[in-house]
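Below you'll find the structure, written out as structure tokens, and then a few comments.
The values are calculated or read from the model by the stated rules, or taken from the named source; none is laboratory data. No experiment lies behind these values; they were computed from the predicted model shown. All Cβ positions, even for glycine, are placed from backbone atoms using ideal geometry, and neighbour counts span all protein chains on display.
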Amino acid sequence: MNKVINNVTEAVQGIEDNMTLMLGGFGLCGIPENSIAELVKTGIKGLTCISNNAGVDDFGLGLLLQNKQIKKMISSYVGENDEFERQMLSGELEVDLIPQGSLAERCRAGGAGIPAFFTPAGYGTEVAEGNEIRVFNGKPHVLESALHADFAIVKAWKGDTDGNLVFKATARNFNPMMAMAGKITIAEVEELLPAGELDPNEIHTPGIFVQRIFQGARFEKRIEQRTTRTK
Amino acid sequence: MALDKKGIAQRIAQELRDGWYVNLGIGIPTLVANYIPEGIEVEFQSENGVLGMGPFPFEGEEDADLINAGKQTITTMKGASFFDSATSFAMIRGQHVQLTVLGAMEVSENGDIANWKIPGKMVKGMGGAMDLVASADNIIVAMMHSNRAGVSKLLKDCSLPLTGVACVKKVVTDLAVLEIKEGAFHLVERAPGVSVEEIKSKTEGSLIINGEVPEMSL
């Protein structure tokens with residue numbers, strides 16, 4: 001089934017004000033940077049963005065924040081971003097912080113048809129306030145619900161025309177679960193191949209979870225913390 | 001003399017056992033990887049999705065797609081694997097990771113830990129810390145005994161918002177190794193040249209001292 005669209009402009013068609021988006025990535029690693037740049041151009045506002053992080057001031061989701069297009073962030077860690085801090089402290093931006101494992105599992109659950117699950121994470125802390133608690137095997141657990149999105153936007157290393165995806169190294173992170181949880185999932189890839197070119201044994205995300213796929217025009221792949229050792 | 005951060009990491013490294021999968025947090029815990037005892041093989045997990053994490057890359061060999069949970073560029077060891085975030089936390093919640101080492105702002109005598117939020121300051125988020133402390137069976141906290149203002153970080157009750165309750169089993173500080181059990185800190189070892197009196201005076205929570213307390217050997 002051919003999922004290929006021509007370009008990033010077609011990719012983000014149908015994304016409207018006040019929608020909920022999932023965006024893959026951990027820090028700046030594995031983020032759909034072409035689609036984010038296009039969303040900035042559209043000027044769509046009032047977005048709820050589910051993403052582990054919120055980018056940095058001038059890259060990733062930071063670009064949408066600068067443009068005041070985000071109403072609410074659902075994340076696990078949002079440091080490294082001055083504009084984010086300013087908007088959060090001034091009350092312009094709503095922020096929902098969720099333990100990272102719960103965030104990943106809530107996305108997975110959303111895509112897997114599981115409405116909620118119990119996890120030990122956050123028990124006894126403020127993130128569990130208002131959630132049902134139940135004891136299993138003598139240990140208290142917190143009820144967490146599935147997350148869904150109008151659009152999920154993910155980034156893969158290689159993809160094929162059927163929408164099958166292969167990720168590279170730790171750029172996989174949240175992308176596979178978010179691909180499952182979007183009503184419409186957009187995949188931007190570094191290399192788009194004809195169906196049959198990827199080994200079916202090595203596909204990470206099967207094409208059933210992807211509705212639109214395109215090859216990104218340019219990937220900057222910025223490094224957030226360049227750390228090296230000397231020879 | 002009190003230990004420096006490297007010393008704390010060196011002492012924690014003595015807790016490693018052959019065949020363990022280990023998750024190291026940001027800060028002092030990261031340094032533990034530099035002191036793996038000879039003859040022991042461990043694999044480091046980073047919760048963004050890698051097992052078999054290696055040292056930082058040489059200059060010019062950085063890969064934007066290969067980072068650790070601190071967003072630093074890394075390398076991998078032979079036998080490494082990559083996985084998504086849900087699988088990563090399945091390893092953690094499912095107790096497949098044998099040891100978690102992380103930093104803290106406060107630890108209480110019943111094993112509560114606070115390390116993610118200071119009221120009135122910018123909240124950055126908990127990242128994976130809440131999942132790690134709620135799930136891991138074996139958690140070691142690496143931290144200084146007192147904060148910069150000289151106030152004890154080993155308390156009766158944490159004053160900061162909690163990351164997890166009754167989960168920390170062991171604390172290694174610049175002054176001592178302490179086990180947490182039955183609602184108290186038990187002094188196991190002292191840093192070289194540090195007196196029991198000093199540790200006592202810098203520990204606000206209940207401190208149990210049984211007989212002679214040996215010095216750490218580093």
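Candidates are the residues of the stretch B:51-102 that are farther than 30 Å from A:VAL142 by Cα and among the aromatic types (Phe, Trp, Tyr); the one that is surrounded by the most Cβ atoms within 10 Å (Cβ to Cβ) is B:PHE56. No other residue among B:GLU179, B:GLU204 is within 30 Å of A:GLY122 (Cβ to Cβ), without any contact (Cβ under 8 Å) to a residue 60 or more places away in the chain and either part of a strand (DSSP E or B) or polar (S, T, N, Q) (or both) apart from B:GLU179. Of everything in the stretch A:72-86 that is within 8 Å of another protein chain (Cβ to nearest Cβ) and crowded, with 21+ Cβ neighbours inside 10 Å, the residue that is nearest to the chain's Cα centre (by Cα) is A:SER75. Look at (1) out of contact with any Phe, Trp or Tyr (no Cβ under 7 Å at 6 or more places or on another chain); (2) in contact (Cβ under 8 Å) with a residue 60 or more places away in the chain; (3) under 22 Å from A:GLU224 (Cα atoms); (4) in a helix (DSSP H, G or I) and you find that A:GLN87 fails only one, number (2). Would you confirm, using the coordinates I've provided, whether B:GLY125 is in contact with a strand residue (DSSP E or B) (Cβ under 6 Å, 6 or more places away or on another chain), without any contact (Cβ under 8 Å) to a residue 40 or more places away in the chain and not in a strand (DSSP E or B)? Judged against the criteria, B:GLY125 is a match. Are any residues in the stretch B:103-125 of a type in the set (A, V, I, L, M, F, W, C) and surrounded by fewer than 20 Cβ atoms within 10 Å (Cβ to Cβ), and if so, which ones? Listed by number, the residues that qualify are B:MET105, B:ILE118, B:MET122, B:VAL123. Close contacts from the stretch A:120-131, counting a first residue that is of a type in the set (S, T, N, Q) and a second that is not in a helix (DSSP H, G or I), with Cβ to Cβ under 6 Å and a gap of 6+ residues or different chains, come to A:THR125/B:LEU162; A:ASN131/A:VAL142; A:ASN131/A:LEU143. Applying the criterion of being among the aromatic types (Phe, Trp, Tyr) and within 11 Å of chain B (Cβ to nearest Cβ) to the residues of the stretch A:104-144, the residue that is surrounded by the most Cβ atoms within 10 Å (Cβ to Cβ) is A:TYR123.
Of all the residues in the stretch B:194-218, those that are surrounded by 15 or more Cβ atoms within 10 Å (Cβ to Cβ) and at pLDDT below 95 number 0. Every condition in (1) surrounded by fewer than 21 Cβ atoms within 10 Å (Cβ to Cβ); (2) more than 10 Å from chain B (Cβ to nearest Cβ) is met by A:LEU89 except one, and the failing one is (2). Of A:LEU147, A:LEU143, all but one fail to be touching a Lys or Arg at 6+ places or on another chain (Cβ under 6 Å) and at pLDDT 95 or above; the exception is A:LEU147. Among the residues of this structure, A:THR170 counts as one that is within 14 Å of another protein chain (Cβ to nearest Cβ) and either in contact with a helix residue (DSSP H, G or I) (Cβ under 9 Å, 6 or more places away or on another chain) or at negative phi (or both).
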